[in-house]
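Trainee: First the structure, which I've put down as structure tokens, then a few questions once you've had a look.
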Amino acid sequence: MTNTEIKSLFGIMAEFKDAASLAEATKRAYAMGYRQMDAYTPYPVEDVIHALGLRRNEIPFIVFLGGCLGAIVGFSMCYYFQVIDYPLVAGGKPLNSWPMYIPITFELTVLFAALSAVFGMLALNGFPSPYHPVFNCPHFERASQDRFFLCIEATDPLFDLEKTKQFLLSLKPVEVCEVAR
Amino acid sequence: MKLAMKLHDQAKTLGLLLFLVILNSLSFGATMHGGEPSAKSDLWVSFLIAYVFWFHIAAGGLAFLMIQYLTGGAWGVMGRRVFEATSSTLPVFAILLVAMVTFGVPNLYEWARPEAAHDVILQKKSAYLNVPAFTIRGVIYFVVWIALSFLLVKLGASTSGAESEGPHSRKKCAVLSGPGMVLYGLTMTFASIDWVMSLEPHWYSSLYGALFVAGQLLSALAFTIVVLAVLSRKQDIAKFLGKRHFHDYGKLLLAFVMLWAYLSFSQYLIIWSGNLAEEVPYYLKRLQGGWEKLAITLIIAHFALPFLILLSRDLKRQPFLLLLVAVFILFMRFCEVLFLVRPAVTTSLSLSALLSDLFAVAIMGVCWIFIFLFIFQKRSPLPFEDPTFAEAVAHGRH
């Protein structure tokens, strides 16, 4: 096996029939020391998420920043309109009637937080991504139907074409395939 | 023999409870007997603040007892015994209400004083705001609440134990809880109008009942977190209470902090922007004479601070830290009750009034907590026998 062969490989993918065997396989792979791996399932499987040893991501922080930004934008927008751009006394109240700004500030906080959650998630997932190697595996489309996949990626320090393949085969998958880059 | 023992036990409990309640009423009665009318009214205000503060925890417990039967979920199973015990203390508040109706009403409420006869607006409102109607409504509220808590505790006990009816009985609890929540919402709205809103009988707000209920649920939730966090420090209970249970309670606490702030601010915004002569005096009173400091404190410490702190996931999963936040929120609940009640009679923030209120809350609190613990300790702190208990424990593991 040459270096170029490994370089042209994304990883090795095993296909399972049900969520339980995927969870078991993921646990065993994690115990073997594999970390650069990912699971593909038709629906979220909690056991698999835990078995992958996924760390917490940056989404909450992104959402918090988005919310703060929304609050600042909402409040300063109101202030700019009411006090600077078009000062108009209404109901005998002062120009800077901040209680009136709160509903808009609140709404924009929620809006910005929600949008930053969606776009933050997409960005962290590497979207938009017109090409992804996992689709080189035959019947991978069944990952969104009725099959459960585990892919150990070539970037893992423990990755070895033969050994990893043997290991995955020992987990009794339906099929194992090499995923080209 | 067993029955006799049981009866004896119950009689002892009842006797003890009565003793505590009478002691409680007497200590207030003694301080309120004689003295100037204004001082007397002041003390009754302290009584009302203490009453509302502790009542929130008991009645909120009843609401959560019904909510957890309706929604299900591991958090509800873990907190059920606390909800049952707090709502079982409601009869104490019925007895205290009797004391209030007998001695306190004219001292507290402008509409119950003879001067009300010369007030045109109060005359028009007198069909609702009069002592007999106040009393009858009070009786109705407590009949509803005590009946609900009694039935739910009794039916809840038969989901488990020797004479187990299992899931069947649990279903009965849920069936009772649906209409129970409707009744709770209606009666609590009227109770808030009777007991607190009518302190300023010229003023009204249609949001008041919801605000009262939101605060009540927040109080009960914070108290439940305190009890569960203390329990989780016990060796034999700790293995059942997982981090995720506290995480769930922390999330609920955050939600109710936000709900309270949302409703409080909505009421303020509507009245402030409407700027009507019959509505604004309520806030004018509360934005001068030192009360504005309390108002700002509420915005910062009842909303902003707990909101930001509770955003942290790690904090919500630490029972001890969550306990500290819950205790702080309970203190802020006292401040909010103070803010709703005190400025109605006292025009400027005074240390003596504040101390008297704190003292009243402390006295009633000692008695109430004693009664609560007495009821709580009679049964297992968690519903071990519940058919869904194992599942609820497993939920807390992650």
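Trainee: Quick check on this structure: which one of A:Val118, A:Val63 is within 13 Å of chain B (Cβ to nearest Cβ), among the hydrophobic types (A, V, I, L, M, F, W, C), part of a helix (DSSP H, G or I) and more than 30 Å from A:Ile12 (Cβ to Cβ)? Let's see the steps before the verdict.
Mentor: Values: A:Val118 fails: within 13 Å of chain B (Cβ to nearest Cβ).
Result: A:Val63 is the single residue among A:Val118, A:Val63 that is within 13 Å of chain B (Cβ to nearest Cβ), among the hydrophobic types (A, V, I, L, M, F, W, C), part of a helix (DSSP H, G or I) and more than 30 Å from A:Ile12 (Cβ to Cβ).
Trainee: Across the stretch B:271-294, what is the number of residues that are in contact (Cβ under 8 Å) with a residue 40 or more places away in the chain, among the charged types (D, E, K, R) and assigned to a helix (DSSP H, G or I)?
Mentor: Number of matching residues: 3.
Trainee: When the stretch B:316-350 is examined, which residues are found to be open to solvent by less than 30 Å² (accessible area, probe 1.4 Å) and of a type in the set (A, V, I, L, M)?
Mentor: Across the stretch B:316-350, the qualifying residues are B:Leu322, B:Leu323, B:Val325, B:Ala326, B:Ile329, B:Leu330, B:Met332, B:Val337, B:Leu338, B:Leu340, B:Val341, B:Ala344.
Trainee: Looking at (1) at positive phi; (2) at pLDDT 90 or above, can you tell me which one B:Gly289 breaks?
Mentor: Every condition holds for B:Gly289 apart from (2).
Trainee: Could you please let me know if A:Ile84 is away from chain B (no Cβ under 13 Å), farther than 30 Å from A:Glu153 by Cα and either at pLDDT 90 or above or assigned to a helix (DSSP H, G or I) (or both)?
Mentor: Against the criterion (away from chain B (no Cβ under 13 Å), farther than 30 Å from A:Glu153 by Cα and either at pLDDT 90 or above or assigned to a helix (DSSP H, G or I) (or both)), A:Ile84 qualifies.
Trainee: For the stretch B:299-347, give me the residue count where each residue is outside any helix (DSSP H, G or I) and either among the acidic types (Asp, Glu) or away from every other protein chain (no Cβ under 14 Å) (or both).
Mentor: The number of residues fulfilling the criteria is 4.
Trainee: Do you know which residues across the stretch A:7-37 are crowded, with 17+ Cβ neighbours inside 10 Å and of a type in the set (Gly, Ala, Ser)?
Mentor: A:Gly11, A:Ala14, A:Ala19, A:Ser21, A:Ala23, A:Ala25, A:Ala29
Yes or no, residue by residue, for (1) basic (Lys, Arg); (2) more than 19 Å from B:Ile309 (Cβ to Cβ); (3) more than 12 Å from chain A (Cβ to nearest Cβ):
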residue: B:Gly242; (1), (2), (3): no, yes, yes
residue: B:Gly250; (1), (2), (3): no, no, yes
residue: B:Ala255; (1), (2), (3): no, no, yes
residue: B:Leu259; (1), (2), (3): no, no, yes
residue: B:Ser266; (1), (2), (3): no, yes, no
residue: B:Ile271; (1), (2), (3): no, yes, no
residue: B:Asn275; (1), (2), (3): no, yes, no
residue: B:Glu279; (1), (2), (3): no, yes, yes
residue: B:Tyr282; (1), (2), (3): no, yes, yes
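Trainee: Here is a further query. Filter the stretch B:351-371 for residues that are open to solvent by less than 70 Å² (accessible area, probe 1.4 Å) and farther than 23 Å from B:Trp195 by Cα and give the result.
Mentor: B:Ile371
Trainee: Are there any pairs with C-beta distances below 7 angstrom linking a residue in the stretch B:365-389 that is within 30 Å of B:Val52 (Cβ to Cβ) and assigned to a helix (DSSP H, G or I) to a residue that is modelled with pLDDT of 90 or more and of a type in the set (Phe, Trp, Tyr), with the two at least 6 apart or on different chains, and if so which?
Mentor: Filtered contacts from the stretch B:365-389: B:Gly365/B:Trp54; B:Trp368/B:Trp54.
Trainee: Check the stretch B:226-248 and report whether any residue there is within 16 Å of the chain's Cα centre (by Cα) and open to solvent by less than 10 Å² (accessible area, probe 1.4 Å).
Mentor: No; the residues of the stretch B:226-248 include none that is within 16 Å of the chain's Cα centre (by Cα) and open to solvent by less than 10 Å² (accessible area, probe 1.4 Å).
Trainee: Does any residue in the stretch A:163-174 that is in contact (Cβ under 8 Å) with a residue 12 or more places away in the chain come within less than 9 Å, Cβ to Cβ, of a residue that is of a type in the set (Ser, Thr, Tyr) and not in a helix (DSSP H, G or I) six or more places away or on a different chain, and which pairs are these?
Mentor: Qualifying pairs under 9 Å: A:Thr164/A:Tyr34; A:Phe167/A:Tyr34.
Trainee: Let me ask you something else. Taking the options A:Asp146, A:Asp85, name whichever one is in contact (Cβ under 8 Å) with a residue 24 or more places away in the chain and open to solvent by 30 Å² or more (accessible area, probe 1.4 Å).
Mentor: A:Asp146
Trainee: Something else now. Residue under question is A:Phe75, and the condition is that it be away from chain B (no Cβ under 14 Å), touching a Ser or Thr at 6+ places or on another chain (Cβ under 8 Å) and free of Cβ contacts under 8 Å to residues at least 40 places away in the same chain; does it hold? Lay out the reasoning, then the answer.
Mentor: Numbers: away from chain B (no Cβ under 14 Å): yes; touching a Ser or Thr at 6+ places or on another chain (Cβ under 8 Å): yes; free of Cβ contacts under 8 Å to residues at least 40 places away in the same chain: yes.
Yes.
Trainee: OK, next. Looking at the structure I just gave you, is B:Leu254 farther than 12 Å from B:Leu382 by Cβ and of a type outside the set (Ser, Thr, Tyr)?
Mentor: Criteria met by B:Leu254.
Trainee: Tell me which residues, restricted to the stretch A:95-107, are away from chain B (no Cβ under 12 Å) and open to solvent by 90 Å² or more (accessible area, probe 1.4 Å).
Mentor: Answer for the stretch A:95-107, where residues must be away from chain B (no Cβ under 12 Å) and open to solvent by 90 Å² or more (accessible area, probe 1.4 Å): just A:Glu107.
The values are calculated or read from the model by the stated rules, or taken from the named source; none is laboratory data. Keep in mind the model is a prediction, meaning the values are calculated, not measured. Cβ sites come from the backbone with ideal geometry, for glycine too, and all protein chains shown count toward neighbours. Calculation scope for accessible area: heavy atoms of the full protein, side chains included, ligands and nucleic acids excluded. Shrake-Rupley method; radii C 1.70, N 1.55, O 1.52, S 1.80 Å.
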